[in-house]
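Here's the structure, in structure tokens; my notes come after.
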Amino acid sequence: MEELKQAGLTENESKVYLGLIELGPSLAGGVARKTGLHRRTVYDTTEMLIQKGLVGYILKNNRRIFQASNPNRLIEIIQEKQNLLLPFVESIQQKYNSTKEKEETNFYKGKEGLKTVFEEQLDSKEILILGASPKAYEILQFYFKWYDKTRKQKKIKSRIIASDKKISNIPLAEIKYLPEKYTSPVSVNIYENKTAIIVWAKDPIAIVIKNKEIADAYRSYFELMWKIARK
């Protein structure tokens, strides 16, 4: 019966149709006894099934004798619905394709790869950095001088949460600190709809995820830690 519901039949319509399949040509009273439905309900339900082409009837002695149509009609009903729905789906598919943000995950390795990640951030309005590591300035020492200068020229503000007081005196940046025990070689940069997870190892790597929901989730976590951190 669940399959008939998937085809768009109500519970009563399913009962009456299956009842007629088993009974063959029948009066409303016979269908009522078979299905346990009230006779008036059977009449109302058969009218709906007639409209759907699933039940027919003949008049004999001014009485309707109902008969179920070929079950292939169920497939036709589904196909008809698909045909009606197809133009609508095609129209909204175009809107979906034009507005859906494409999710991307990119991996970068080495100093040059990380430079690509940071230069991309220079098109942002604000950069949030969770777990800033002093190793960043050791690995990309000369590059960050240019990066911070360019960020300042573009007036891109940054908020930074670090655990090492060596992270200080960065232009256009507000810095707060967590206890040193939370120091880690991994930092997370959040900007626009992207999240960059950076591992400041000897051969550094970065994973950049382009996804608004993920970026917003990390942004919320950053704001929570920002309240906990101290200047």
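Only residues in segment 176-196 that are over 20 Å from ALA215 (Cα atoms) count as the first member; pair them with residues that are polar (S, T, N, Q), Cβ under 6 angstrom, at least 6 apart or cross-chain, and list the lot. Matching pairs, first to second residue: LEU178/SER163; GLU180/SER163; TYR182/SER163; THR183/SER163; PRO185/SER133. For the condition surrounded by 11 or more Cβ atoms within 10 Å (Cβ to Cβ) and either outside the structural domain of GLN141 (by TED's automatic domain parsing) or in contact (Cβ under 8 Å) with a residue 24 or more places away in the chain (or both), ILE77 qualifies. Count of segment 80-107 residues, restricted to those that are of a type outside the set (Val, Ile, Thr), at pLDDT 90 or above and surrounded by 10 or more Cβ atoms within 10 Å (Cβ to Cβ), is 1.
Whenever a residue of segment 14-29 is in the same structural domain as LYS52 (by TED's automatic domain parsing), its partners that are among the hydroxyl-bearing types (Ser, Thr, Tyr) and not in a helix (DSSP H, G or I), lying with C-beta atoms within less than 8 angstrom and at least six residues away or across chains, give the pairs GLY19/SER26; LEU20/SER26.
Only one residue in LYS135, LYS109 is touching an Asp or Glu at 6+ places or on another chain (Cβ under 9 Å), in contact (Cβ under 8 Å) with a residue 60 or more places away in the chain and assigned by TED's automatic domain parsing to the domain that holds VAL188. Which one?
LYS109
Counting residues in segment 148-156 that are modelled with pLDDT under 90 and either within 30 Å of LEU49 (Cα to Cα) or hydroxyl-bearing (Ser, Thr, Tyr) (or both) gives zero.
How about segment 179-192: which of its residues are aromatic (Phe, Trp, Tyr) and either in a strand (DSSP E or B) or outside the structural domain of SER168 (by TED's automatic domain parsing) (or both)?
Selection gives TYR191 alone.
Consider segment 193-231 and keep the residues that are part of a loop (DSSP other than H, G, I, E, B) and touching a strand residue (DSSP E or B) at 6+ places or on another chain (Cβ under 9 Å). The one that is nearest to ASN106 (Cα to Cα) is ASN211. Scanning segment 198-231 for residues that are surrounded by fewer than 16 Cβ atoms within 10 Å (Cβ to Cβ) and touching a Ser or Thr at 6+ places or on another chain (Cβ under 8 Å) gives a single hit, ILE207.
The values are calculated or read from the model by the stated rules, or taken from the named source; none is laboratory data. Just so it is clear, the model here is predicted, and its values are computed rather than measured. As a convention, Cβ positions derive from the backbone with ideal geometry for all residues, glycine included, and neighbour counts pool all protein chains shown.
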